[in-house]
Amino acid sequence: MGTLWGLIKSLESIVGKANVLASPEELAVYECDACVLIKTQPDVVVLPASTEEVAQIIKACNKAHVPFVARGAGTGLSGGALTTEGGVLIGLARMNRILSIDTENKTAHVQPGVVNVWLNDATCSHGLFYAPDPSSQAACTLGGNIAENAGGIHCVKYGVTLDHTLGLTVVTPEGDVVKTGGAHGQHLGPSWTGLLVGSEGTLGIVTEAVVRLVPVPQAIRVYQAAFARMEDAAEVVSSIMADGLTPSALELIDAFTAKTVNAAFHIGLPEDVDAVLLIELDGDHISVEQAGSRLITLLNRFSVSQIRMAEDETERLALWKARKGAVSAYGRILPAFYIHDCVVPRSQLAPLLRQIETIGQKYDVLIGNVFHAGDGNLHPNILLDPNDADMVGRVMAAGKEILEACLAVGGVLSGEHGIGVEKAEFMPLQFTEEELAVMQRLKTVFDPQQLANPGKIFPTPQRCGETRAGLSLATLQAGGLWV
Amino acid sequence: MIKPLVFPFLPSQVERIQDERGWLVRPDSTEALQQILKQAGVTHTALYPEWGTASVAPQAILLDMSRLATVIRLRPEELMVTVQTGITVGALQSALNPAGYYLPYATSPNRPLYSLLADTPLSLSETAMGPLSASVTGIRVVVGDGACIHYGGEVVKNVTGYDLRHLFMGTHHQYGIVTQATLKIAPIPEQTHTMLFFSESTADALQRFTHMGQQIAAPRILALFRTKMTFGWHILAQVAGYRQTVQEQAQRLSQLASGLPESLQNWDAGDKTMAHWVPRLDWTNEEEPDGLVLRVALPHSDLLAFDTWQKAFPWMDGADVCLPWGTGQMLLRWISVNMPYATELDSFKRFIQDQNGFVQIVRVPSHYKMDVTQFNQDPQPAVQTWLKRLDTQYNPHGILPRIWPAAPTGAKELV
């Protein structure tokens, strides 16, 4: 308590009393992120406004040997912004400025608290946009996107956050300020940017970023294709990519989700089918025209029950709004969901989706699939009522079985949500002990004191015995976590 | 301390030969390489992979990866291929082409993949594809102490743990040796069109190059270069994709080249042109003449102003130049004569740093008196600390090349 009191005083001297939150009511706001099954409060929240303040905060934490965790908007789905071992939560929301836009070099210099969609709002008048577009882009921040190497609907063509991150200003876990890369996107030495993006705040805190912008395409077309069989939809996905068509988006919506979305948004997605594909093509007019013709020819080789093209921009935007709002539509059925984020080779999509259906029936849980088919990035959304302990248990077990099925076909645990605390115990399912040890050496390089976002990514020792059980209800309760 | 070769306990299938370069070991599997590294660690014997590393220390062992050179798995439905990294790019392309696929990366065909992954030299393909490392979705690596890690695979997205590809690619084997890689491939385009333009005037060449880059959507290759052998400036352009798109882009390129004498334009340069120029523009390739090669990193629009630098740095007039469009980097080269002095390079480095860029010496001839290590050092103290710790963690016995602070190809003892 004495240490905490002294630390709070130090923090107040850095950012001002108004930007240090320590009362129970204030801390309750930060007890969870979008991973709603885990709740844990920080000891104190601090809201810096500059790189220098972040550096001073981290030095104060080092001095007190108190762990710290960075947080953007709290939209993360893996519990990455939770202080599972207590400590200081560093909220970056005040660092929300777009510092500059360079239209000639197509870059933007931003602070981590900039909301993803704000950047597009600022750049679209210059004919440019920022491509990584997670479904939460209206709320999530660029700092969080960088921490998780976020993807989104358009990353099948444009790449993920790392592909658009040219340089960073980082405060190291020891409180030093380092610049990596730059507007040129190159490194003198190892690619520090490549190591830091996606490191979930465990190797340092990003306080500025130089990001790449891309030209708004001349033409965009969205096609909707409906399939009586999931297998046909999955095969079309593989064929589209193998043909070299390079769609700007390729999303699959299963029947359950189509019905749910229609009920919520009245979009008119086909419901008497097994799967719907949304396929977007963009580029110059000639390329889009040619690609569209090839796509129709390709689709007609398969058993597609319906093909339509969005008539106009309004309809195109409505389709994407429905896709991005799908998970919120699930809320009409059950109040929460547990989403997985595994990535598999595209050729494995069809058999895996059938397996997921079987797993859902086995555990008597509802699973909606709406995901980035072009990337092989599955998002099985397992619906649940967090107040129903039995249901939560079944959901956890189903989730673990889904992950095991994905790994068995050469998949990986996460494509864009990160490991956080939610999937840390599953890491031994993908990596051997030796491999985890090799990976953890990197943490030691950047954070020898192990203060930066501890308890994330790697299974913690007390959970080692439960790694095969996954994130079980008992584990959650034993850790004092809310369920 | 480097001790003479003592490898008594290596498995029999590991070839050991001695030639004019010294001792070579040739593992035939990742497991064999692990044993070699473990043995090297125990005996404190330096191990240097062939191709593209710093100079070989006395009594070091050369690592020859040529027995790890097979295509393990081609997955056209995933647009991926998994290979052992001793395979040359030429051999890989030969394996892919009959199936209708290729690796969209322009480089000397006889460079082995492990060398490219370690050194990530600037390629003309980076205009369209980004660096080669961006095409790698999975790696298998033997770390400096003999441990082995497999990261990624036949998946195009992955945020599972730390992305160790960025630790082992582009780091010149210092932390480990990549023995296996999964790479993205592409269907051979419906049509490819290559053009080569020539201009005597720097201003004219830059103007045309800029217009081409601004007006051609996604060229596969677009590079401006000058070499002492060619006299004047070349623009190499390649567009690829659907037939109609390629024809339209080729027409636009020809319009942008209008006004140049017809004898100085090659509208259909084809594969022979690429085969001629791609290796000759790979200046970090040991097969290219020994020379001083600088890599300059700046935002693209600043690089396009390089002709203005000559007022402050007249010695640039003697440089070969290679500037691929939109990559944020360019190469400068001097062979044999007119090399800048060390003090001139230091001034140039500061000039570029003032514009938020950097200059790196990537190749230096043996006779050049320069503290390359110091020149290439990242000045940030925290980065120096990271580099020391990385070496401790991943190259604990110091048997792999200690590049950082960087020492480029061909460097001998520093003055």
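The values are calculated or read from the model by the stated rules, or taken from the named source; none is laboratory data. Predicted model, so just to flag it, every value in this text is computed and none were measured. Note that each Cβ is placed from the backbone with ideal geometry, even for glycine, and that neighbours are counted across all protein chains shown. Ligands, DNA and RNA are excluded from the accessible area calculation, which covers all protein heavy atoms including side chains. Shrake-Rupley method; radii C 1.70, N 1.55, O 1.52, S 1.80 Å.
Figures for the structure shown
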read-out: Cβ crowding within 10 Å averaged over residues, with B:312-325, B:30-43 ranked highest first; value: B:30-43, B:312-325
read-out: 10 Å Cβ neighbours from other chains, averaged over peptide B:166-176; value: 4
read-out: Between segment B:97-153 and segment A:188-216, the alpha-carbon center distance in angstrom; value: 21 Å
read-out: Label zone at B:GLN244 (point 7 Å along Cα-to-Cβ), backbone N below 15 Å, segment A:266-295; value: A:282-295
read-out: Residues of segment A:391-434: accessible area per residue with a 1.4 Å probe, Å²; value: 24 Å²
read-out: Estimated inter-spin distance, B:THR192 and A:THR460, nm [label 7 Å along Cα→Cβ]; value: 5.4 nm
read-out: Peptides A:47-56, A:139-148, A:262-271 ordered by average Cβ neighbours within 10 Å, highest first; value: A:139-148, A:47-56, A:262-271
read-out: Sulfur and carbon atoms: percent of accessible area, segment B:63-213 [1.4 Å]; value: 49 percent
read-out: Net lengthening on full extension, A:SER100/A:ALA219 (0.36 nm per residue, minus Cα-Cα); value: 40.1 nm
read-out: Estimated dipole of segment A:305-410 in Debye, rounded to 20 [Cβ of Lys and Arg +1, of Asp and Glu -1, Cα centre]; value: 140 debye
read-out: Potential lengthening between A:GLU434 and A:SER125 on full extension [0.36 nm per residue; Cα-Cα distance subtracted]; value: 106.2 nm
read-out: Alpha carbon convex hull of the protein assembly as shown, projected area averaged over orientations, nm²; value: 36.5 nm²
read-out: Shielding by partners, peptide B:241-249 (average Cβ within 10 angstrom, other chains); value: 4
read-out: Charge dipole of the protein assembly as shown about the Cα centre (unit charges at C-beta), most positive-ward option of A:VAL445, A:HIS285, B:LEU260; value: A:VAL445
read-out: Mean Cα-pair separation over length for segment B:131-246, i.e. relative contact order, pairs under 8 Å, 6 or more apart, %; value: 24 percent
read-out: Pairs of Cα atoms farther than 18 Å apart, segment A:130-203, %; value: 39 percent
read-out: Number of partner chain Cβ atoms within 10 Å, mean per residue of A:37-49; value: 0
read-out: Percent RCO, i.e. relative contact order, over chain B, from Cα pairs under 8 Å lying at least 6 residues apart; value: 16 percent
read-out: Cut-off 14 Å, label 7 Å out along Cα→Cβ of A:LYS259, residues of segment A:357-384 by amide N; value: A:366-369
read-out: log₁₀ of I(q)/I(0) at q = 0.18 Å⁻¹ - segment B:292-373, Debye sum with one point per alpha carbon; value: -0.72
read-out: Shape of segment B:109-189, Cα gyration tensor, a/c cut at 1.5; value: oblate
read-out: Gain on full stretching of the segment that runs from B:THR70 to B:ASP307 - 0.36 nm per residue minus C-alpha separation; value: 80.8 nm
read-out: Two-site FRET efficiency, A:ASP364 against A:PHE302, from Cβ-Cβ distance with R₀ of 45 Å, rounded to 0.05; value: 0.85
read-out: Cβ-Cβ FRET estimate between B:PHE231 and B:HIS367, R0 fixed at 25 Å, reported to 0.05; value: 0.45
read-out: Interface B:A - total buried accessible surface [probe 1.4 Å, Å², rounded to 100]; value: 5600 Å²
read-out: Calculated FRET efficiency for the pair A:LYS321/A:LYS59, C-beta based, R₀ 41 Å, to 0.05; value: 0.40
read-out: Mean ellipticity per residue at 222 nm, deg cm²/dmol - from DSSP H runs of n ≥ 4 across chain A, formula -39500 (n - 2.57); value: -10500 deg cm²/dmol
read-out: Mean residue ellipticity (222 nm) of chain B, computed from DSSP H runs ≥ 4 via -39,500 (n - 2.57), nearest 500; value: -7500 deg cm²/dmol
read-out: Segment B:66-145, relative contact order in percent, only Cα pairs under 8 angstrom and at least six apart counted; value: 21 percent
read-out: Distance (nanometres) between label positions extended 7 Å along Cα→Cβ at A:HIS285 and B:ARG16; value: 7.1 nm
read-out: Options A:LEU317, B:SER366, A:VAL273, ranked by Cα towards positive dipole end of the protein assembly as shown, top entry (Cβ charges); value: B:SER366
read-out: Overall form of segment A:257-408 per C-alpha gyration tensor (a/c, 1.5; a/b vs b/c); value: prolate
read-out: Prolate/oblate/rounded call for chain B, Cα gyration tensor, a/c under 1.5 rounded; value: oblate
read-out: Most to least packed among B:210-217, A:248-255, A:393-400 [average Cβ atoms within 10 Å]; value: A:248-255, A:393-400, B:210-217
